[in-house]
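Before I ask anything, here is the structure I am working with.
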């Protein structure tokens, strides 16, 4: 809990993030209130917000010796990663809530919101894992790129490369990997996946704890060399 | 708390090998770690702090084998160049470690720094950062304390402050101080370990070292300098 508060305070002082998050949340709320028919489009940013926050520049912190005072006689590195994951998930969740608030209150889009919550959690876990190797910006770029690749595959790639629809065998294998591992846009938003079994939309809820466990394991194994060894 | 290091080894990717190192840190005693640049002092300290994982050997705390995770929980460590997470104030760092900072301690620290505790460490001078680092390291009375180059780049008053803090803490902890400072080390340390090319070259009290090398120095600094010279001559 202590490390979560510590990380939340630090995040709250990141002016660029606070500004962007405020704009996204406000836009989501306004759109959600004015156009209550479907979730605000800004909800698409929720997984990206989560992945960036959860990545938290752990790799650069570790390389720069900035974690020495955190992990010696303080919280553990896995604890820090868990805190960053929770923060990332929370940030994505509040944006999701702002985007779907009026709908959920009316009992609509509840399933959609829960599916999306799993997706946001999955991307927060990805951030906590990848953030130990690359910067938060690189993690975000990776999420954007892999999502764009998944969309391209759905839209044109499968037909161009395999001459098949993304839902046809064996193109569906690539579709599944790209959609469930690399795409931050939820299953429900992609109509061409309607042919796949509906339960697959809940897959991020299964993948998130697996990826989070990998992140915790990587953190436990992480050594913290100094920049200058003497 | 007693720290026993047996045949400790650590292999760096560049080919540098630390060890095998065997040493003993006793509670109530300050041990000085000396050696030329690149001898492996910082690496040894980081292994003892649990930040690096040894490739061989044992570290025992009060007789019990301790892995890196137990070491991180138990051993307090101040690196040569203290660095802190960005956007964390001095107060945040103490809150993270202790859950809070008692008012008298906080006020005393703020007075020493000449800045409020809501300051970011990055905005402090190197000496002030070292002071914050040392106070953080000492927070919660650690049973084992490792301090790397505490006097480097500090003004004389700050150097005295570090000496005083180490002296105060000595009663409660086993302390290892790494430094090139032959003036300050003998004032605080009871035992000396000379490290060269990743191995312990000489070890003992000032008297034992002087006798071992037949040092004719009239003061502690010159005895240590003689041992240092002998070490470099024997293992160039």
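Residue B:76 is checked against (1) facing chain A (nearest Cβ under 8 Å); (2) over 23 Å from residue A:1 (Cα atoms); (3) in contact with a strand residue (DSSP E or B) (Cβ under 8 Å, 6 or more places away or on another chain) and fails just one. What number does that condition carry?
Condition (2) is where residue B:76 drops out.
Output the residues belonging to the stretch B:88-119 that are surrounded by fewer than 17 Cβ atoms within 10 Å (Cβ to Cβ), facing chain A (nearest Cβ under 10 Å) and in a loop (DSSP other than H, G, I, E, B).
Within the stretch B:88-119, B:99, B:100 qualify.
Additional query: Considering each residue of the stretch A:127-156, count those that are over 30 Å from residue A:89 (Cβ atoms) and crowded, with 18+ Cβ neighbours inside 10 Å, and give that number. Can you show your working first?
Step one: list which residues in the stretch A:127-156 are over 30 Å from residue A:89 (Cβ atoms), which gives A:156.
Checking which are crowded, with 18+ Cβ neighbours inside 10 Å leaves us with none.
So the answer is 0.
Shifting gears a bit: Among the candidates A:51, A:43, A:120, A:104, single out the residue that is in contact with a helix residue (DSSP H, G or I) (Cβ under 8 Å, 6 or more places away or on another chain), surrounded by 24 or more Cβ atoms within 10 Å (Cβ to Cβ), modelled with pLDDT under 95 and farther than 30 Å from residue B:146 by Cβ.
Only one candidate qualifies: A:43.
Just to check your reading of the model, which residue among A:16, A:79, A:37, A:74 is within 14 Å of another protein chain (Cβ to nearest Cβ) and not in a helix (DSSP H, G or I)?
A:74
Of all residues in the stretch B:52-73, which are more than 9 Å from chain A (Cβ to nearest Cβ), surrounded by fewer than 16 Cβ atoms within 10 Å (Cβ to Cβ) and under 24 Å from residue B:98 (Cβ atoms)? Steps first, please.
Going residue by residue through the stretch B:52-73, those that are more than 9 Å from chain A (Cβ to nearest Cβ) are B:54-67, B:70.
Next, only the ones that are surrounded by fewer than 16 Cβ atoms within 10 Å (Cβ to Cβ) stay: B:55-56, B:58, B:60, B:62-65, B:67, B:70.
Scanning the stretch B:52-73 gives B:62, B:70.
Let me ask another. Go over the candidates B:163, B:146, B:138 one by one and state the one that is away from chain A (no Cβ under 13 Å), in contact with a helix residue (DSSP H, G or I) (Cβ under 8 Å, 6 or more places away or on another chain) and on the phi < 0 side of the Ramachandran plot.
After applying the criteria, what remains is B:163.
From B:28, B:19, which residue is more than 7 Å from chain A (Cβ to nearest Cβ), touching a residue at least 60 places away in the same chain (Cβ under 8 Å) and part of a strand (DSSP E or B)?
B:19
Please determine, by comparing only the residues of the stretch B:60-69 that are in contact with a strand residue (DSSP E or B) (Cβ under 7 Å, 6 or more places away or on another chain) and not in a loop (DSSP other than H, G, I, E, B), which one is nearest to residue A:70 (Cα to Cα).
Of everything passing the filter in the stretch B:60-69, B:61 is nearest to residue A:70 (Cα to Cα).
The values are calculated or read from the model by the stated rules, or taken from the named source; none is laboratory data. All figures in this text were calculated on a predicted structure; none of them were measured in a lab. Backbone-built Cβ (ideal geometry, glycine too); neighbour counts: all protein chains shown.
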